[in-house]
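The values are calculated or read from the model by the stated rules, or taken from the named source; none is laboratory data. Computed from a predicted model, the values in this text were never measured in an experiment. Please note that ligands, DNA and RNA were not included when accessible areas were found on the heavy atoms of the full protein model with its side chains. Shrake-Rupley method; radii C 1.70, N 1.55, O 1.52, S 1.80 Å.
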Amino acid sequence: MIRAVPAVAGMDSYTLAELGGTDSVSLAQNESAYPASPMALAAGREALAQSAQYPDPDWRELRTAVAEVHPEVADHSVLFGAGSMELIGCLIRAFAGPGHTVLGSRYGYLFVGTAALQAGAAYETAPEPDFTVSVDALLDAVTPSTRIVFVCNPGNPTGTRIKNAELVKLRNALPDDVMLVVDQAYAEFDDQDHRPVFALVSRGDTVVTRTLSKAYGLAGARVGWGIFPQAIATQVRKLLNPNNVSLVSQAMAAAALRDQNHVADIVDRTARQRDATCERLRAAGYTIPDSATNFLLIKFATESKAAAADAELRSAGLLLRGMKGYGLPDCLRATVGPAEALERMTEILEKLA
Ligand SMILES: *Cc1c(COP(=O)(O)O)cnc(C)c1O
């Protein structure tokens, strides 16, 4: 009998969204409703011609493009991953292992729990009253085994955000030997000033991650980045696949970053559709936390109503994300997807309310 190592054999498989047939529209994975910048698509087509070569292992063009948009990253190490998931996974494996705990928020990003188990570490969560991260609850949950505190802001699947000043408060109150990771996968949809969070990286104990998968419309290209203190970056880099981001993806991401007008337009349109949908669903009686992202967490009166709505939407070719894995069986998460699909979803939910 060939056996996996115990930490892996004991894990459940990571559950991705259940995707239906090709005639269904997915509102389950928070992908952009809009295509990436035409410049990104053109850059990708052009890069295809160089596919015989390995990509730049130092992501130099991409790094330059990130620094053009976020000049404050120039003071720190920037690493790129095949999605920010790769960075998060490698970061956790480099800094947490057996006997250590990774602490998240009750409705924090599930992949963090998976990455902790992959590393042989434990994953624990702090309560999240009103679907919103509580800095005090996180601080109360820190124990001597805590190595990493992970906060996604704005949060997934809640959509809510806390003020960046709260994250600064959290960092200042955490022990110096506990790493804080701030996952900003949806930060483009949250118009507060993010520089105070970036500035925490200079302390040497804080990491901030971003992705091109959401606002930039490049989920399929698999490009994420993070700003790291130098000493942390050195360790994480050892675990990254040396040629992790394909040549085509690097070209697309650099061009997408350089078209900020396009991102601003996507963010603006997405926010308007999100708020209009949210208002209609709330008027119909659903509970929905305020979202600073490209999705809505829809809470039903009961678990069976959520299940019935999910089934009805699926039979209409609309796939939402079930929330049982997050301990929220009475909720469904809906991506602010293509306008026509969103309209059909809203009409169905209005009728079911
Ligand atoms: C989508 C998402 C990511 C980004 O994943 P990628 O690997 O960059 O596609 C990271 N964190 C959260 C919370 C997300 O929802």
Fraction of beta bridges assigned by DSSP in the chain that are antiparallel (%, nearest 5): 45
The stretch 70-147 - Debye-derived log10 I(q)/I(0), Cα point model, q = 0.23 Å⁻¹: -1.03
Unsatisfied cross-links (Cα-Cα over 27 Å) in the set Lys238/Lys324; Lys299/Lys351; Lys214/Lys299: Lys238/Lys324
For Tyr123, residues with placed amide H under 5 Å, excluding near neighbours: Val102
For the stretch 250-333, projected area of the alpha-carbon convex hull averaged over all directions, nm²: 7.2
Convex hull (Cα only) mean projected area of the chain, reported in nm² to one decimal: 18.6
Phi-based couplings in Hz for the stretch 77-92 (Karplus 6.51, -1.76, 1.60; Gly and Pro marked x): 7, 10, 10, 10, x, 6, x, 5, 4, 5, 5, 5, x, 5, 4, 5
Apportionment of accessible area to carbon and sulfur, the chain, percent (1.4 Å): 53
Derived scalar couplings ³J(HN,Hα) [the stretch 202-219; Karplus, 6.51 cos²θ - 1.76 cosθ + 1.60; whole Hz; x for Gly, Pro]: 5, 5, x, 10, 9, 10, 10, 10, 9, 8, 8, 7, 9, 4, 7, x, 10, 4
Added length on full extension, which subtracts the Cα-Cα distance from 0.36 nm per residue, Arg203 to Ile348: 47.2 nm
Å² of accessible area per residue within the chain, as computed with a 1.4 Å probe and no ligands counted: 44
Dmax and Rg, reported as Rg then Dmax, of the stretch 45-115 (C-alpha, Å): 16.4, 48
Other-chain or far-sequence residues with amide H under 5 Å of Thr287's (modelled H): Lys299
³J(HN,Hα) computed for each position of the stretch 291-302 - Karplus, 6.51 cos²θ - 1.76 cosθ + 1.60, integer Hz, glycine/proline x: 10, 10, 9, 9, 8, 10, 9, 9, 9, 9, 5, 9
Relative contact order %, the stretch 205-280, counting alpha carbon pairs below 8 Å whose residues are six or more apart: 29
